[in-house]
Amino acid sequence: MQDDPAALKYSRMKSLWEYANPKKFMQVSGAMLPWAAGLSALCLVVGLIWGFFFTPDDYRQGSTVKIIYLHVPAALMAINAWLMMLVTSLIWLVRRHHVSALAARAAAPVGLVMTVIALVTGAIWGQPMWGTWWAWDPRLTSFLILALFYLGYMALWEAVENADTAADLTSVLCLVGSVFALLSRYAVLFWNQGLHQGASLSLDKEENVADVFYHPLLVSIAGFVLLFFALVLLRTRTEIRKRRLQALMNRERMG
Amino acid sequence: MIPDLGKYAAEVASAYAVSLVMIAGLVWFSLRQSAKVRAELRRIEAKREQKNG
C-alpha cells in the first residue's frame, strides 16, 4: 500500500490540507512568523538602502530611477496578492476551508497598500518623466480599477453579517477582479497605445535593466514578498482569533 | 550622507517617504489589531475557565 504512488500522493495531499486546520495553522504560523518578519526587515533595509544610497543615476532618468526599488516590488505584490486571494478563495469555494477564506480576507488590506504605493510612486515618477501625474493608459487604468476592487472586496466582507455568506460573496468578487489583476500585468503587451513601458524584469528578454540597478531591485523584491507573507500570517492569525472570540461570545450569550 | 539627488531630489525623497509611511502604518495597524484581539480572547477564555472550573 505504501509503495502505491497514488496512495502516497494522496497521503501527501492530505498532509497539505492539515494546514487548513486552524489549530495546526496557528502552531505552524506562530513558529514561522518571527523568521518571516525578520528576513523581510533585513531584505527591505538592505535593498532600499542599497538602492537609495549606492546606485548611480540613470543617464536619462537622473535620480528618479531610484523610485524603481519601491514601484516595481509594490506593483508586483499588488497583482500577486490578488492572485493569492484568488487561490485561497477558490480553495474556500471548493473545499470549504475557513482558514483559506480568512487568509484571503487578511491579505486584502496588504494588497491595497501595495496598489496605492505603486500608483503614488508611479505618479511621482511620471510627473517629471512623462510630464504628467496620470494618463488613462491601459496599465495605469487597470491598476486603478484593481485598487477599487480591493476596496470593494474589503467593504463586502464588512457588509455581510453571516461569515460563510461573506466568504462566498467575496470569493466570487475576487474571481471577477482577477480579470483586472491579470489585465494590469498583461495590458501593456496587447494595447500598443499605452504610455507605460514594458516589463522591467523578465527572464527571457535580452534587454533588461542594467545589473547595477537589477541586484538591489531583486533584494527589495524579496523584502516585499517576505513582508507580504509575514503580514498575511499575522493578520490571518488575528482573523482566526476573531472568529473564535465571536464563537465564544455567542455561546456565552446563549448560555 | 544623503546622496546628491540632483534636480529630482523632491520627487525621489517624497516617493520614499510616502511609501515608508504607508508600510509602517500597515505594520503598526496589523500589530495593534493583533494585540487587541489577543488580549480580548485571553480575557474571555479566562472568564470561561473561572465559570467552568
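Table for the structure above
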{"quantity": "Peptide A:52-64, shielding by other chains (average Cβ, 10 Å cutoff)", "calculated": "3"}
{"quantity": "Euclidean distance of C-alpha centroids, segment A:18-60 and chain B, integer Å", "calculated": "15"}
{"quantity": "Residue-averaged beta-carbon neighbours from other chains (10 angstrom radius) around A:215-225", "calculated": "0"}
{"quantity": "Ranked by how many other beta carbons lie within 10 Å on average, peptides A:110-123, A:133-146 from highest", "calculated": "A:110-123, A:133-146"}
{"quantity": "Theoretical FRET efficiency, 1/(1+(r/R0)^6), r = Cβ-Cβ of A:A210 and B:A35, R0 41 Å, to 0.05", "calculated": "0.40"}
{"quantity": "P(r) tail fraction, the protein assembly as shown - alpha-carbon pairs more than 28 Å apart, %", "calculated": "47"}
{"quantity": "Per-residue average of Cβ from other chains inside 10 Å of A:95-106", "calculated": "0"}
{"quantity": "Within segment A:213-246: backbone nitrogen closer than 19 Å to the B:K47 label point (7 Å, Cα to C-beta)", "calculated": "A:241-246"}
{"quantity": "Two-site FRET efficiency, B:A10 against A:T165, from Cβ-Cβ distance with R₀ of 35 Å, rounded to 0.05", "calculated": "0.15"}
{"quantity": "Calculated FRET efficiency for the pair A:R253/A:W50, C-beta based, R₀ 45 Å, to 0.05", "calculated": "0.25"}
{"quantity": "Extension gain, A:Y59 back to A:Q127 (0.36 nm per residue minus Cα-Cα distance, nm)", "calculated": "22.7 nm"}
{"quantity": "Value in Å of the Kirkwood radius, where segment B:5-52 supplies the Cα pairs that are averaged", "calculated": "13.8"}
{"quantity": "Amide H contacts of A:V160 (H built 1.01 Å from N, under 5 Å, at least 5 apart or other chain)", "calculated": "none"}
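Values quoted throughout were computed directly from the atomic coordinates according to the rules given, and no laboratory measurement underlies them. Treat the numbers as computed from the prediction; the structure is a model and nothing was measured. So basically every Cβ, Gly included, is an ideal-geometry build from the backbone, and we count neighbours across all protein chains shown.
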